[in-house]
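Notes follow the structure.
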Amino acid sequence: TFAGDIPEGEYGAGHVVVWDRGHWLPEGDVEASLRKGKLDFALEGERLHGKFSLVRLKDGAGGKPNWLLIKRRDEHVLERANGPDVTDLYTDPVPGTEPGPGATWTRAAGASSPARKSRGARPLRAPGKRSRAAATPKFIAPQLATPVDAVPTEGHWLTELKFDGYRIVSHVDGERVQCFTRGGHDWTHRVPRVAAVLAGLGLRESWLDGELIAVDARGVPQFQKLQQALDPRSGEEPLLMVFDALQLFGADLRAKRQRERKRLLQQALADLPRSGLVRLVDFVDGESAALREQACEQGYEGVVLKDADADYRSGRNRAWLKLKCRREQEFVIAGYTRTESGRDTLTALLLGYHDEQGTLRFAGRAGTGFSEMQLGALRRRLDALATTRPPFGDPPKLRRAERPQWVRPELVAQVRFAEWTDSGILRQPLFLGVREDVGPGDVRREPDKIFDASSSSATAKHGTTKRRSSAAPEAAPAAAPPRRKPVRLTNPQRVLYPSDGVTKQQLAEYYEAIAPVLWPHLEARPLSLVRATGAQGRVFFQRHVDGDSVPGLKPVSIPRSDEEPYFVCSSLASVPLLAQMGAVELHTWGSRMPRPGRADRMTFDLDPDPTLPWERVREAATLMRELLQDLGLKSLLKTSGGLGLHVVVPLVNGPSFEVAAAFSRRVAEHLARVIPQRFSAKRGARNRQGKVYVDWQRNQFAATTVAAYSPRHRPGVPVSLPIDWDELGRRDIRGAWFNLRNVAARIAERGDAWADEPRVRQSLTQRVIDRLDAAAA
């Protein structure tokens, strides 16, 4: 903790700064390791992270021990060929640890810590650099928004999208950049490429306020994606969305009005690319109902209203207001529960918040949203904080079977939930990730205020949009989308999947969670449903509109069918309505309206003999992919929810179904002819004994295939899940490996494996057909 001067003659004489601070976590017995000459440990600092080793070398002069500090290879290693070391990136002390005037080390009798003795003030020196008048600017705490559930009726407001990420306040002085969290922690090392972009802006003595985010395939910020983007191994990069300027070129702007700061910020960053890692946030001049509804429709966290005439004031106040589309906030992690037997796996986090007196209160358990990678890393961090006493002021009563492990309340989780119960417990909490930018002491229960775009009675003051959204320009419609209404279920506890007890309510929650990735596979596609009805979960297949109007479905007439109308799902907001209909499976055509007769994808359903091992099914999919590659076609992969796999070929300028069916049939027959011991092109159990049947008939007019992300009405409630080709490993992922209970968490962790499907631009050309002719010759 000491910063200042250590006099000559004392160990470490000279000027001292606090360069890093945090926790060290030893591995094994420390005394025994030191005696052996090798100590392994981990550091969790503000600048240093990961695993290290101290290795004893040959003693130096006078028998003084020499030790070598080694950074072990792990996920925190920064791969920078010929780039700066961490000591080059950080030359100044940790913010808030600068010494007072004349801080000097003195050792009184028996003293074990430094005392301060008045001496002439001495400015800090950055190692290897010339002296500066001030070592580093003081940290500027950001302004925070107050949650509300209604728009203000007075004043002039600016409206911005609310981004789900980490707040970052950046100091930019030429090439010298520091990026601070809202708690004052220096995160420059966590965002090196963002810092590099800021360093190239040509700004001097400037402070910028913004939000660090990561976006999904639709360009919508996702907190789970941000956790991945901050992992150096992921290959992804976070974005910094800048929305305010606190200082520009040495001029303090905090006393200026919000609208003036916006103008000066846009002027200073006029040349900033719209698609770079640092982007300027758009705003609407006025209180915009259209932007609020658009935010909720597209899956944003909400909007922020800013008083156009207010100055910048650090801390939470009502000059900035946030209207949320969903309930989400931070909670302190106070412990976890474990399985009764087996692997002793973490099953749920025990969450809390501080009341007005600072006492930690129990808020409930979060047992969903984890990936396997998150579970392991989180368990290690929590085990380092283990304690025997519950940190709650009024500890909850837990069942012995839950095997609670209490921890010191030092970690903070971001959690999404449905609502608070009357007893003050979270309903349906979903773990999103650990917040590194919020201290546990700052966690309070936020007012239960959420904006319902479908029922707002406030009068909208429509303004003029200054710029298009730079976070997701392709996702912003010109007109306001349909109003999103909450799903109203009749008999929500009706069991739709009897083998697993899954209810209509649980199905609706699944559709709600995956709607953003499911919708692109439903949009404009004729849809058929497997519907469950009655208390026994009886099912039937529905292809046509039944009755005058069905909520969430739109009737479409299809030429050549000569039958009653089919239907399509009407909007993203209507996806959860499928649960009200008891739609336990979703099946789609291989074409879209208004061109239902033109295939925009071909599907090869690899249907194996049930006795075949996983290795043979995996081999069949790989051979199919290689053949398609030889023909010049890229393919995608998904599980079927059964014993097989689906290989899907996206197409543009789609051929007729007659052409698609003829081509896919020839592909199946070619495989069966070349490798008859592996493949069959004929239907029937007898024809596929010991083989994989390549079902090409999905590519005929009006044929359907189970949709990506659709559940199946089978034991375990499996899901037909898009996966990457590199997931065809040794693990058998068929059947219910991916199911209704774990897919939402997987999507939160990994995103949509088919997110790039719209960018696959390929056609079933004559050249492709000629290549098949040559292969078959």
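The values are calculated or read from the model by the stated rules, or taken from the named source; none is laboratory data. Values in this document were obtained by computation on a predicted structure and should not be read as measured data. With ideal geometry, Cβ positions are generated from the backbone for all residues, glycine too; neighbour counts draw on all protein chains shown. For the accessible areas, the whole protein counts, side chains as well, though only heavy atoms, and no ligand, DNA or RNA atoms are used. Shrake-Rupley method; radii C 1.70, N 1.55, O 1.52, S 1.80 Å.
Filtered by the rule that a residue be at negative phi and surrounded by fewer than 16 Cβ atoms within 10 Å (Cβ to Cβ), segment 669-699 gives 673, 674, 675, 676, 677, 682, 683, 685, 686, 687, 689, 697.
Among the residues of segment 743-777, how many are part of a helix (DSSP H, G or I) and polar (S, T, N, Q)?
Start the filter on segment 743-777 by keeping residues that are part of a helix (DSSP H, G or I), which leaves 743-750, 757-759, 766-776.
Then keep just the ones that are polar (S, T, N, Q); that gives 766.
Final tally of qualifying residues: 1.
Yes or no, residue by residue, for (1) under 22 Å from residue 634 (Cβ atoms); (2) in contact with a strand residue (DSSP E or B) (Cβ under 6 Å, 6 or more places away or on another chain); (3) at pLDDT 90 or above:
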residue	(1), (2), (3)
711	no, yes, yes
715	no, no, no
718	no, yes, yes
731	no, no, no
759	yes, no, no
775	yes, no, no
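Residue-level analysis places residue 660 outside the set of residues that are free of Cβ contacts under 8 Å to residues at least 60 places away in the same chain, closer than 26 Å to residue 701 by Cβ and either not aromatic (Phe, Trp, Tyr) or not in a helix (DSSP H, G or I) (or both).
Each row is one residue, and each column tells you yes or no for (1) surrounded by fewer than 15 Cβ atoms within 10 Å (Cβ to Cβ); (2) touching a Phe, Trp or Tyr at 6+ places or on another chain (Cβ under 7 Å); (3) in contact (Cβ under 8 Å) with a residue 12 or more places away in the chain.
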position: 228; (1), (2), (3): no, no, yes
position: 241; (1), (2), (3): no, yes, yes
position: 249; (1), (2), (3): yes, no, yes
position: 267; (1), (2), (3): yes, no, no
position: 273; (1), (2), (3): yes, no, no
position: 282; (1), (2), (3): no, no, yes
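For segment 26-39, the condition holds for no residue, the condition being that it is buried (at least 16 other Cβ atoms within 10 Å of the Cβ), under 26 Å from residue 3 (Cβ atoms) and at pLDDT 85 or above. Within segment 13-36, the set of residues being in a helix (DSSP H, G or I) and either more than 26 Å from residue 57 (Cα to Cα) or of a type in the set (Gly, Ala, Ser) (or both) comprises 32, 33. For residue 643, the conditions (1) assigned to a helix (DSSP H, G or I); (2) open to solvent by 10 Å² or more (accessible area, probe 1.4 Å) are fulfilled apart from (1). For segment 684-713, a residue qualifies if it is touching a residue at least 40 places away in the same chain (Cβ under 8 Å) and either touching a Pro at 6+ places or on another chain (Cβ under 6 Å) or basic (Lys, Arg) (or both), and the qualifying residues are 688, 691, 692, 698, 708, 712.
Residue by residue through segment 555-613, note down the ones that are of a type in the set (D, E, K, R) and either in contact (Cβ under 8 Å) with a residue 60 or more places away in the chain or in contact with a Cys (Cβ under 8 Å, 6 or more places away or on another chain) (or both). Of everything in segment 555-613, those that are of a type in the set (D, E, K, R) and either in contact (Cβ under 8 Å) with a residue 60 or more places away in the chain or in contact with a Cys (Cβ under 8 Å, 6 or more places away or on another chain) (or both) turn out to be 560, 585, 592, 605, 607, 609. Please determine, by comparing only the residues of segment 581-626 that are under 31 Å from the mean Cα position of the chain (by Cα) and of a type in the set (Val, Ile, Thr), which one is nearest to residue 674 (Cα to Cα). In this case the residue turns out to be 622. Quick check on segment 1-14: of everything there that is open to solvent by less than 60 Å² (accessible area, probe 1.4 Å) and of a type outside the set (D, E, K, R), which residue is nearest to residue 384 (Cα to Cα)? If we take residues in segment 1-14 being open to solvent by less than 60 Å² (accessible area, probe 1.4 Å) and of a type outside the set (D, E, K, R), then 2 is nearest to residue 384 (Cα to Cα).
In this structure, does residue 666 turn out to be open to solvent by 70 Å² or more (accessible area, probe 1.4 Å), of a type outside the set (Phe, Trp, Tyr) and part of a loop (DSSP other than H, G, I, E, B)? No: the conditions fail for residue 666. Restricting the first member to segment 729-742 and to residues that are within 14 Å of residue 613 (Cβ to Cβ) and part of a loop (DSSP other than H, G, I, E, B), and the second to residues that are modelled with pLDDT of 85 or more and open to solvent by 60 Å² or more (accessible area, probe 1.4 Å), the beta-carbon pairs closer than 7 Å and six or more apart or on different chains are 734/643. Residues that are within 13 Å of residue 409 (Cβ to Cβ), assigned to a loop (DSSP other than H, G, I, E, B) and open to solvent by 50 Å² or more (accessible area, probe 1.4 Å) within segment 359-389 comprise just one, 389. The criterion of at least 2 residues that are aliphatic (A, V, I, L, M) is met, among strands (runs of 3 or more DSSP E) falling completely within segment 548-613, by 553-556, 583-588, 601-608. Among the residues making up segment 626-640, those that are open to solvent by 10 Å² or more (accessible area, probe 1.4 Å) and aliphatic (A, V, I, L, M) are 627, 636.
Restricted to segment 157-171, and to residues there that are in contact with a helix residue (DSSP H, G or I) (Cβ under 8 Å, 6 or more places away or on another chain) and part of a loop (DSSP other than H, G, I, E, B), the residue that is modelled with the lowest pLDDT is 164. Of the residues in segment 130-143, none is among the aliphatic types (A, V, I, L, M), part of a strand (DSSP E or B) and either modelled with pLDDT of 90 or more or more than 24 Å from the chain's Cα centre (by Cα) (or both). Report yes if residue 619 is without any contact (Cβ under 8 Å) to a residue 60 or more places away in the chain and within 23 Å of residue 738 (Cα to Cα), otherwise no. So residue 619 fits the description; yes.
Among the residues of segment 339-354, those that are modelled with pLDDT under 90, on the phi < 0 side of the Ramachandran plot and surrounded by fewer than 20 Cβ atoms within 10 Å (Cβ to Cβ) comprise 339, 340, 341, 343, 345, 347, 348. The condition (being open to solvent by less than 20 Å² (accessible area, probe 1.4 Å), modelled with pLDDT of 90 or more and not in a strand (DSSP E or B)) is satisfied by just one residue among 300, 312, 336: 312.
Within segment 51-65, residues that are at pLDDT below 75 sit with their Cβ atoms under 9 Å from residues that are open to solvent by 50 Å² or more (accessible area, probe 1.4 Å), at 6+ positions apart or across chains, in these pairs: 60/66.
Under the condition of being among the small types (Gly, Ala, Ser) and either in contact with a His (Cβ under 7 Å, 6 or more places away or on another chain) or loosely packed, with under 15 Cβ neighbours inside 10 Å (or both), which residue from segment 390-413 is nearest to residue 348 (Cα to Cα)? Applying the filter and picking the extreme gives 401.
Considering only residues in segment 573-616 that are among the polar types (S, T, N, Q) and within 30 Å of residue 761 (Cα to Cα), the one that is modelled with the lowest pLDDT turns out to be 574. Candidates 502, 434, 517, 495: the one that is of a type in the set (A, V, I, L, M), more than 25 Å from residue 575 (Cα to Cα), at pLDDT 80 or above and surrounded by 15 or more Cβ atoms within 10 Å (Cβ to Cβ) is 434. Taking strands (runs of 3 or more DSSP E) as the structural unit, those lying wholly within segment 172-251 and holding at least 1 residues that are among the small types (Gly, Ala, Ser) correspond to 206-213, 239-248. Within segment 1-26, residues that are over 30 Å from residue 383 (Cα atoms) reach partners that are among the acidic types (Asp, Glu) and open to solvent by less than 60 Å² (accessible area, probe 1.4 Å) with beta carbons closer than 9 Å, at six or more positions or on different chains, in the pairs 13/5; 14/5; 15/5; 16/5; 17/92.
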